[in-house]
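These notes are about the structure you will find just below.
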Amino acid sequence: MWVRKSVILVLAALAATACVPTNSPPGGGRSSSGELDHAELQKQSQQIAADRSKAMMDGNEQAWLSPLDPSQTESVTAERMRFRNLRAMRPQQFVLNVESVGDIGEPAGADFPKGATLHKTRVHAAVRYEADLEFTLQDYDYVFLQSNGKLSIASAKPIDAGATTYGNPVKNAPWDNVPLRAAYAGSVTILAPEDSKWDPASFTASAARANALVRGIWGQRKAPKGFLVLLATTEQKLQWFGASGDLRNASGYVYNPEIVDEKGSPVVIPPKLDGPPERSMAGSRIVLDMDRLKTPEAADRIMAHEMAHAIAPYLMPRVAFLETSPRSILNSPTWVAEGFAEWVEIIAHKNLKERSAFVGRNWAQFKPAGALPANDNFYAANSDQSSFNYQISGMFFVAAERLGGRAKTVQLYEDLVAQPVFVTDSRTFLDGPLRKRGYNPDRFWSTFDSLLK
Ligand SMILES: [Zn+2]
């Protein structure tokens with residue numbers, strides 16, 4: 001399973017960031033009372049952001065923490081955790097961008113020195129991890145403390161989800177909220193909360209197998225350098241990236257964040273209807289619901305399935321740009337994305353016969369109205385029906401492999417995922433793309449049909 005997040009998330013988050021500086025004394029630098037003027041505040045906060053960006057890339061924890069006010073011990077602890085978590089995800093690029101700094105007045109409480117003032121600003125972290133092809137956004141509210149002409153950080157908090165209708169993609173992200181431990185299988189990063197009963201190190205062999213399988217199938221096509229796999233309980237799965245109802249029964253899913261530029265501003269890419277998009281989603285975070293994966297073998301095949309989605313974030317269907325309704329006939333076909341991943345899972349699982357028998361048993365009850373399952377209700381509440389939709393979609397690619405080999409099957413995935421769903425809805429329409437890749441449609445459909453029993 002995979003889940004899209006609309007670009008609206010990012011736009012809404014950025015809309016709430018205007019800061020109006022007040023009380024700027026005339027002239028540059030410090031006023032007679034020792035307060036910094038706005039230009040100086042801005043300059044110092046930008047320097048802190050630049051120093052911290054460098055510290056993150058250098059792996060220099062001390063430099064990351066040094067702009068923090070040492071009396072704010074809670075903030076120091078939180079920022080140490082954040083630094084270690086983000087470093088574990090192997091950032092390739094990390095740029096902190098400071099918005100205009102505003103005043104929030106005199107700090108209350110004995111913690112702060114006399115005469116100090118607090119200044120709040122939104123900080124956009126533009127980040128690219130190994131699992132990403134493009135920058136993605138992590139937003140924070142920083143509170144700077146100004147005392148004796150010097151700025152330090154009093155607190156840095158991931159921004160609140162209240163700002164958007166759809167939930168904020170950062171707020172509940174595990175790397176901002178819980179200490180994580182990591183294990184690595186080559187370019188695969190496996191993470192779990194430190195107190196999790198699942199040790200990431202026990203899954204490196206699974207991850208290595210799935211990674212080798214998926215990259216072998218994908219060949220030299222564009223792909224992120226690594227995969228990011230998070231081991232979660234069912235509850236964590238629902239907390240981390242928003243509790244969408246259709247996630248409850250998913251053993252795994254892929255969260256695809258939107259693309260931003262180096263400044264953290266959304267990058268709007270116009271839809272392209274004639275061929276696969278070259279950019280669409282920034283990257284992927286794979287989440288495995290470990291409560292639902294009862295055997296080590298299940299981890300193997302679900303990882304293979306989710307990595308098949310994550311290998312090409314730019315091929316993830318782009319609902320938001322075409323039509324916000326998930327039922328739009330212009331949307332990419334869900335069966336193509338899921339069918340491709342299911343095919344990879346079948347290769348990992350080696351249980352084609354069992355799956356064919358399942359489809360055969362359930363054919364009369366769940367057979368699709370078109371050639372393959374419609375987007376609407378693909379992720380059916382009835383788990384047998386949902387499973388049927390996955391299986392039959394996977395069989396399309398099994399047939400493609402049987403008649404044309406793996407490389408051609410991947411090409412077919414690239415061709416079809418870029419099509420609006422209404423042209424992939426009937427055999428007549430699908431005959432075109434099949435012929436284009438050298439398949440004989442009659443042979444293709446008889447092979448496909450033979451797999452459904
Ligand atoms: Zn899937």
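The values are calculated or read from the model by the stated rules, or taken from the named source; none is laboratory data. What you see is a predicted model, and the numbers here were worked out from it, not measured in a lab. So basically every Cβ, Gly included, is an ideal-geometry build from the backbone, and we count neighbours across all protein chains shown.
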Exercise for review: Check Ile392 against each of (1) surrounded by fewer than 24 Cβ atoms within 10 Å (Cβ to Cβ); (2) within 27 Å of the chain's Cα centre (by Cα) and name the one condition it does not meet.
Suggested key: (1)
Review point. What are the residues in segment 119-155 that are in contact with a helix residue (DSSP H, G or I) (Cβ under 6 Å, 6 or more places away or on another chain) and among the polar types (S, T, N, Q), if any?
Key: Ser155
Review point. Before we move on, is Pro257 more than 16 Å from the ligand (Cβ to nearest atom), touching a strand residue (DSSP E or B) at 6+ places or on another chain (Cβ under 7 Å) and at pLDDT below 90?
Key: yes
Check your understanding: Just a yes or no: is a residue in segment 336-356 within 16 Å of the ligand (Cβ to nearest atom), surrounded by fewer than 17 Cβ atoms within 10 Å (Cβ to Cβ) and of a type in the set (S, T, N, Q)?
Key -> no
Practice item. Please tell me if Phe144 is modelled with pLDDT of 90 or more and either crowded, with 22+ Cβ neighbours inside 10 Å or under 17 Å from the mean Cα position of the chain (by Cα) (or both). Key: yes
Review point. Out of (1) aliphatic (A, V, I, L, M); (2) more than 25 Å from Ala341 (Cβ to Cβ); (3) modelled with pLDDT of 95 or more, the odd one out for Ala161 is which?
Key: (3)
Check your understanding: What tally of residues in segment 251-271 results from selecting those that are within 26 Å of Lys237 (Cα to Cα) and of a type in the set (D, E, K, R)?
Key -> 1
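Yes or no: segment 8-26 includes at least one residue that is within 30 Å of Ala341 (Cα to Cα), modelled with pLDDT of 95 or more, more than 16 Å from the ligand (Cβ to nearest atom) and out of contact with any helix residue (DSSP H, G or I) (no Cβ under 9 Å at 6 or more places or on another chain).
Within segment 8-26, not a single residue is within 30 Å of Ala341 (Cα to Cα), modelled with pLDDT of 95 or more, more than 16 Å from the ligand (Cβ to nearest atom) and out of contact with any helix residue (DSSP H, G or I) (no Cβ under 9 Å at 6 or more places or on another chain).
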Review point. Taking the stated definitions as given, is Gly370 modelled with pLDDT under 95, of a type outside the set (A, V, I, L, M, F, W, C), away from the ligand (no atom under 16 Å from the Cβ) and on the phi < 0 side of the Ramachandran plot?
Key: yes
Check your understanding: Within segment 411-418, is even one residue touching a residue at least 40 places away in the same chain (Cβ under 8 Å), touching a helix residue (DSSP H, G or I) at 6+ places or on another chain (Cβ under 9 Å), within 30 Å of Arg209 (Cβ to Cβ) and not in a helix (DSSP H, G or I)?
Key -> yes
Practice item. Would you mention how many residues in segment 207-238 are more than 20 Å from Met316 (Cα to Cα), assigned to a helix (DSSP H, G or I), touching a residue at least 12 places away in the same chain (Cβ under 8 Å) and among the small types (Gly, Ala, Ser)? Key: 2
Review point. Does segment 389-403 include one or more residues that are part of a helix (DSSP H, G or I), among the basic types (Lys, Arg), away from the ligand (no atom under 16 Å from the Cβ) and touching a residue at least 12 places away in the same chain (Cβ under 8 Å)?
Key: yes
Point to revise | Residue count for segment 236-254, restricted to those that are modelled with pLDDT under 90 and away from the ligand (no atom under 16 Å from the Cβ) | key: 6
